[in-house]
Amino acid sequence: MPKPRALAALVPLLLLATACGTEGGAGAGSGAGTLSPDLPLAGTHWTIGAVTADGSRSAAPDGARLDFGEKGRARGNSGCNQFGATVAAQGDTLTITPQEITEIGCPGDRERFEKALLKAFDGPLKGTIAGDRFTLASADGRDGLQLTAEPGAPLRGTTWKIDGLLAGDTAASLPAGSGAKARLVIGADGRVTGNLGCNNFSAAARIEGKTLTVEGPAATTRMLCTSPQMRLETKLYELLDGPLTYRLDHRTLTLTDSTGEGLTATAEKNVDR
């Protein structure tokens with residue numbers, strides 16, 4: 001797998017994004033500032049619906065999103081790789097300067113969409129907000145993004161898709177072939193359930209302050225797993241054996257132990273619990 005570009009810049013960006021969340025998610029427009037009086041974007045979160053590059057429109061894959069920070073920064077996910085950019089605003093025009101992107105290998109359709117997204121999200125773009133819809137378009141209309149306001153996700157009751165591993169200051173995607181089923185749900189009934197790579201599990205859990213503790217042995221199924229699934233499952237079970245600090249930022253959940261090892265997860269779309 002190729003090494004991430006500007007990983008030293010990207011990891012602090014990701015950690016900063018999860019450092020100040022609360023248990024309840026915040027929707028678009030919840031930030032305390034603006035990039036521009038004409039476009040109140042700071043602290044907002046958007047689902048990417050489609051991208052137009054060189055006049056050709058491409059529908060976005062699941063997971064494609066764009067978030068605006070409060071200090072002229074944007075971060076997002078193409079549906080495969082995570083990226084960052086600086087944003088300068090003047091009136092209703094945003095000038096985008098790409099900064100960093102990871103280099104996870106993407107399937108063909110997602111790779112093509114990502115190239116279109118990176119082409120479109122660059123340079124001066126005029127922004128228009130109408131209700132929960134936000135469009136960005138180049139002056140000639142040949143490049144642009146179609147976005148929809150993305151609601152936040154609560155800690156409890158959300159299906160969290162596990163999509164990354166943390167080790168201190170290092171962030172990595174899940175090993176190939178291991179994490180297609182990896183998910184967890186923190187229930188209002190005091191249990192955490194889900195799948196950590198292969199087998200389904202259920203265990204009692206306790207939340208105190210910003211600490212999540214899985215208590216007692218987990219009940220699990222006994223399905224046969226592939227080697228990558230088994231290695232991931234073993235690692236995640238070990239990680240969940242003890243108190244974990246949780247950080248919630250909009251639709252991203254981070255769980256870390258006292259050594260800095262942990263996981264990242266993203267709220268699945270269209271799941272109501």
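Using the empirical formula 2.2 N^0.38 Å as the baseline, the Cα radius of gyration of region 104-176 reaches a ratio of 1.50. Here the Karplus curve 6.51 cos²θ - 1.76 cosθ + 1.60, taken at θ = phi - 60°, turns the phi angles of region 109-118 into couplings of 5, 6, 5, 5, 5, 4, 4, 5, 4, 5 Hz, with x standing for Gly and Pro.
Here D62 sits with roughly 110 square angstrom of accessible surface, probe radius 1.4 Å. Under 5 Å between amide hydrogens, built in the peptide plane, is the criterion, and for R73 it picks out V87 among residues at least 5 positions away or on other chains.
A 28 angstrom limit on the alpha carbon distance is what I want to check against. Which of K71/K210; K115/K269; K119/K235 exceed it? The partial results should precede the final answer.
Numbers: K71/K210 26 Å; K115/K269 23 Å; K119/K235 38 Å.
In this structure, K119/K235 exceed 28 Å between Cα atoms.
Under a point spin-label approximation (7 Å from Cα along Cα-to-Cβ), what is the R112-T86 distance to one decimal in nm? With each label placed 7 Å out from Cα toward Cβ, I get 3.5 nm. Taking only the alpha carbons of region 158-246, we obtain Rg and Dmax values of 12.8, 37 Å in that order.
Accessible area per residue for region 41-103, computed on protein heavy atoms with a 1.4 Å probe, is 37 Å².
Separation of region 53-128 and region 227-273, taken as the distance between their Cα centroids, equals 26 angstrom.
Along its principal axes, region 27-180 has C-alpha extents of 45, 35, 28 angstrom, given from the largest down.
Return the carbon/sulfur percentage of the accessible area of region 74-153, one whole number, probe 1.4 Å, all protein chains in place.
Details: 1790 of 3710 Å².
Reported share for carbon and sulfur atoms: 48 percent.
The values are calculated or read from the model by the stated rules, or taken from the named source; none is laboratory data. Just so it is clear, the structure is predicted and the values come from calculations on it, not from any experiment. We place every Cβ from the backbone using ideal geometry, glycine too, and count neighbours over all the protein chains shown. SASA here: full protein model, heavy atoms, side chains in, ligands and nucleic acids out. Shrake-Rupley method; radii C 1.70, N 1.55, O 1.52, S 1.80 Å.
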